[in-house]
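Each reported figure results from applying straightforward, stated rules to the coordinates on display, with no laboratory input. None of the values given here were measured: they were computed from a predicted structure. Backbone-built Cβ (ideal geometry, glycine too); neighbour counts: all protein chains shown.
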Amino acid sequence: MSKKASDILSRMKEVAARERAKPLEEPSITSPSQESTEIPVEDPIHPSKPRRKETVRITVDLDPELHRFLKVYAAQRGITVSEVVRGLFERLRQANIDG
């Protein structure tokens, strides 16, 4: 499996085209086996309210058409754009591990 950026982009476009053809019943882009295994850390200020593991913010510039596609894709599935992007990165990591 090639790991060039252009090949990855082509593969992502193929997956997106297949996803558009699927019925909207799919609630998430990740399967239970792909879900994060993060263990919530207890919040010292609000002990009954767990907090998420520390994260790192990134910024990505997108052309307007791709941004609109991403927003619509997420909205149709009832998830956030961040969840879509994290799912894609997780799939990319899995492909790198498996390939």
Within region 65-90, the residues that are farther than 19 Å from residue 9 by Cβ, part of a helix (DSSP H, G or I) and touching a residue at least 12 places away in the same chain (Cβ under 8 Å) are 76, 77, 83
Restricting region 51-74 to residues that are over 16 Å from residue 17 (Cα atoms) and hydroxyl-bearing (Ser, Thr, Tyr), the one surrounded by the most Cβ atoms within 10 Å (Cβ to Cβ) turns out to be 55
